[in-house]
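Report on the structure given below.
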Amino acid sequence: MKIQTLIILSLLFVVSCKCNKINQNNAEMEIVETVLISKGNLYGSGSEGIAKQNTVIENLSDWERLINQMNSVNNVSEGFTETKIDFSKYAIIAVFNDAKGSGGHTIELDISKTSEKTLVTVKYTSPKGNATTVMTQPYYIAKISKQDLPIVFQ
């Protein structure tokens, strides 16, 4: 009977230690404030030449190059909340999915940080049921405060 009690107490101790570590890790994660620049779809059937990618833009020339590439078929930047970015204070997170054969595909981002890194969690969603049969390429562009931490996509 004493051995069973000892085993049960040992298991409880191990389980409670793991739970505390998980709670401590969650407490260390801090949500990063973002400003949505734009999210939606490109409709050039891939003609814009933008591959599936997760990218960080930290200077004006890369930002202008991306805008020009996105606008190569349709004037997408016309719907952006802003295009003039102060890159001494901000960075841009831009995520593009592959071109899709139907509509209804979207991208969402959750951005948080620890003392060691900024974590960008990318969530791709697909339509459920019937969708339009137009070629689309989902994208998501957000602005965050410039940080010294490495940015990691997940």
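The table that follows gives values for the structure above.
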item	result
Answer from ILE85, ILE67 - the residue that is of a type in the set (A, V, I, L, M, F, W, C) and without any contact (Cβ under 8 Å) to a residue 40 or more places away in the chain	ILE67
Yes/no for ILE93 being at pLDDT 95 or above, crowded, with 18+ Cβ neighbours inside 10 Å, touching a Leu at 6+ places or on another chain (Cβ under 9 Å) and at negative phi	yes
Segment 44-56, residues that are part of a loop (DSSP other than H, G, I, E, B) and surrounded by 14 or more Cβ atoms within 10 Å (Cβ to Cβ)	GLY44, GLY46, SER47, GLU48, ILE50
Failed item, numbered, when PRO127 is tested on (1) closer than 19 Å to ASP148 by Cα; (2) modelled with pLDDT under 95	(1)
Flag if THR121 is in contact with a Phe, Trp or Tyr (Cβ under 7 Å, 6 or more places away or on another chain) and either in contact (Cβ under 8 Å) with a residue 12 or more places away in the chain or surrounded by fewer than 17 Cβ atoms within 10 Å (Cβ to Cβ) (or both)	no
Flag for ILE107 being touching a Phe, Trp or Tyr at 6+ places or on another chain (Cβ under 6 Å) and among the aliphatic types (A, V, I, L, M)	yes
Residue within segment 63-86 that is within 21 Å of the chain's Cα centre (by Cα), more than 30 Å from THR132 (Cα to Cα), small (Gly, Ala, Ser) and at pLDDT 95 or above present	no
Single residue of GLN69, GLN137 found to be open to solvent by less than 50 Å² (accessible area, probe 1.4 Å) and farther than 17 Å from VAL32 by Cβ	GLN137
Residue within segment 34-41 that is over 17 Å from ASP110 (Cα atoms) and either modelled with pLDDT of 95 or more or surrounded by 15 or more Cβ atoms within 10 Å (Cβ to Cβ) (or both) present	yes
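Conditions tested, residue by residue: (1) open to solvent by 30 Å² or more (accessible area, probe 1.4 Å); (2) over 21 Å from ASN54 (Cβ atoms); (3) touching a residue at least 12 places away in the same chain (Cβ under 8 Å); (4) touching a Leu at 6+ places or on another chain (Cβ under 7 Å).
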{"residue": "ASN75", "(1), (2), (3), (4)": "yes, yes, no, no"}
{"residue": "ASP98", "(1), (2), (3), (4)": "yes, no, yes, no"}
{"residue": "LEU109", "(1), (2), (3), (4)": "no, no, yes, no"}
{"residue": "PRO127", "(1), (2), (3), (4)": "yes, yes, yes, no"}
{"residue": "ALA131", "(1), (2), (3), (4)": "yes, yes, yes, no"}
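The values are calculated or read from the model by the stated rules, or taken from the named source; none is laboratory data. Remember, it's a predicted structure, so these values are computed and weren't measured experimentally. Ideal geometry is used to build each Cβ from the backbone, glycine not excepted, and the neighbour counts take in all protein chains shown. The accessibility values were calculated without ligands, DNA or RNA, using every heavy atom of the protein model including side chains. Shrake-Rupley method; radii C 1.70, N 1.55, O 1.52, S 1.80 Å.
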